[in-house]
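What follows is one structure encoded as C-alpha cells, with my remarks underneath.
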Amino acid sequence: MNSTTEEQHISVVRQRLAARFPTIDSGVINQAIDTAHHQFDGRPVRDFVPLLVEPAALRSLTDDT
C-alpha cells in the first residue's frame with residue numbers, strides 16, 4: 001500500500017460501519033471486522049484487503065441483525 005496503511009484503511013471501515021449501524025455495539029462491529037480481516041492473514045498481496053474486509057464484515061453484521 002502507498003502512504004495510507006492497511007490499518008488506516010481498516011480504521012475507516014470501522015468508522016463507516018459504526019455510522020451505518022449505530023445501534024450495534026462497537027465491540028460487535030469490531031469483532032466482525034477483525035474476523036473478516038484475519039481471513040486474509042498470510043496473504044502476500046495486501047493492497048485490496050480493506051476493500052474485501054468491509055463487505056465480509058457487513059454480511060456478518062446484517063446476518064446477525
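The values are calculated or read from the model by the stated rules, or taken from the named source; none is laboratory data. If you're wondering where the values come from, they're calculated on a predicted model, not measured in any experiment. Don't worry about glycine lacking a Cβ; one is built from the backbone with ideal geometry, like all the others, and counts go over all protein chains shown. To get the accessible areas, we keep the full protein, side chains included, count just its heavy atoms, and leave off ligands, DNA and RNA. Shrake-Rupley method; radii C 1.70, N 1.55, O 1.52, S 1.80 Å.
Overview of results
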| item | result |
| --- | --- |
| Test result for Ala32, part of a helix (DSSP H, G or I) and surrounded by fewer than 12 Cβ atoms within 10 Å (Cβ to Cβ) | no |
| Number of positions in region 14-27 that are open to solvent by less than 70 Å² (accessible area, probe 1.4 Å), among the hydrophobic types (A, V, I, L, M, F, W, C) and assigned to a helix (DSSP H, G or I) | 2 |
| Residue check, Thr4 in a helix (DSSP H, G or I) and among the polar types (S, T, N, Q) | no |
| Qualifying positions in region 38-50 - open to solvent by 20 Å² or more (accessible area, probe 1.4 Å) and not small (Gly, Ala, Ser) | His38, Gln39, Phe40, Asp41, Arg43, Pro44, Val45, Arg46, Asp47, Phe48 |
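Let's see how each residue does on (1) hydroxyl-bearing (Ser, Thr, Tyr); (2) in contact with a strand residue (DSSP E or B) (Cβ under 8 Å, 6 or more places away or on another chain); (3) without any contact (Cβ under 8 Å) to a residue 40 or more places away in the chain:
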{"residue": "Ser11", "(1), (2), (3)": "yes, no, yes"}
{"residue": "Gln31", "(1), (2), (3)": "no, no, yes"}
{"residue": "Arg46", "(1), (2), (3)": "no, no, no"}
{"residue": "Val49", "(1), (2), (3)": "no, no, no"}
